[in-house]
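Notes for the one structure printed next.
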Amino acid sequence: MTKPEKSLFETRPPSTLAQSAFVSLYGGVYEHSPWIAKQLYDRGITSALDAPDALADAMAAVVNGAVGDDKLTLLRAHPDLAGKLALAELTHSSQNEQTGAGLDQCTPDELARFTKLNDDYKKKFGFPFIFAVKGFHRTDILNAFERRVKNDVETEFNEAINQVHRIAKLRLEAL
């Protein structure tokens, strides 16, 4: 019987890392936004953050405390779901997440719906539709997309931030 692999949190606890290593390992948890890991490190990393849930909460607090423009930049760093971008252009994490939800296997009709919804959504809200896709099928995502595009701007901005936090937490748990 083989021993289970140790997690990154067990082999290299966040509290033991130098800033460069911490930002290198955790800077991509929030899509193209290493500033979150850097700001958290600057606030101080203690052994209390050596678990995925605790680190996720601390990183979310950095985002929640950011000014609106920084939050908007964070949202805009995310790719379209099943959109015009080829899967090869996504970050490794985004590519795995979208493939896992079957977004790389859309029918022509589904792809057309995603494309139209992506365009309508970005025109209305100014950032791409964000959905933590793990555990969902592309039809579930399309249904959520069609429902959320009808939200008002404030409601959807808050929902998008919540989805970004969920994505980050899932990425940390995967480590």
Report summary line: Leu49 fails exactly one of (1) over 17 Å from the mean Cα position of the chain (by Cα); (2) free of Cβ contacts under 8 Å to residues at least 24 places away in the same chain; (3) buried (at least 16 other Cβ atoms within 10 Å of the Cβ), namely (2)
**Report entry** Selection count, region 166-175, where residues are open to solvent by 30 Å² or more (accessible area, probe 1.4 Å) and assigned to a helix (DSSP H, G or I)
**Finding:** 5
Query raised in the report: Got a sec? Which of Phe125, Phe114 is farther than 17 Å from Ala168 by Cβ, modelled with pLDDT of 95 or more and crowded, with 18+ Cβ neighbours inside 10 Å?
Result: Phe125
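Any residue that is farther than 23 Å from Gly126 by Cα and not in a loop (DSSP other than H, G, I, E, B) - is there at least one of those in region 69-78?
Looking only at region 69-78, we keep the residues that are farther than 23 Å from Gly126 by Cα, and these are none.
No; the residues of region 69-78 include none that is farther than 23 Å from Gly126 by Cα and not in a loop (DSSP other than H, G, I, E, B).
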Report task. Check region 18-32 and report whether any residue there is hydroxyl-bearing (Ser, Thr, Tyr), open to solvent by less than 50 Å² (accessible area, probe 1.4 Å) and more than 16 Å from Ile161 (Cα to Cα). Result -> yes
Report summary line: Counting only residues that are loosely packed, with under 15 Cβ neighbours inside 10 Å and not in a helix (DSSP H, G or I), region 128-142 contains a total of 2
**Report entry** Odd one out for Glu97, checked against (1) part of a helix (DSSP H, G or I); (2) within 24 Å of Leu172 (Cβ to Cβ); (3) open to solvent by 70 Å² or more (accessible area, probe 1.4 Å); (4) modelled with pLDDT under 95
**Finding:** (3)
Report task. Go through region 143-155 and give me each residue that's surrounded by 19 or more Cβ atoms within 10 Å (Cβ to Cβ) and either of a type in the set (A, V, I, L, M, F, W, C) or more than 26 Å from Asp70 (Cα to Cα) (or both). Result -> Phe145
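The values are calculated or read from the model by the stated rules, or taken from the named source; none is laboratory data. Worth saying up front: this structure is predicted, and the values here are computed from it rather than measured. Cβ: placed from backbone, ideal geometry, glycine included. Neighbour counts: every protein chain shown. Only protein heavy atoms, including side chains, enter the accessible area calculation; ligands, DNA and RNA are left aside. Shrake-Rupley method; radii C 1.70, N 1.55, O 1.52, S 1.80 Å.
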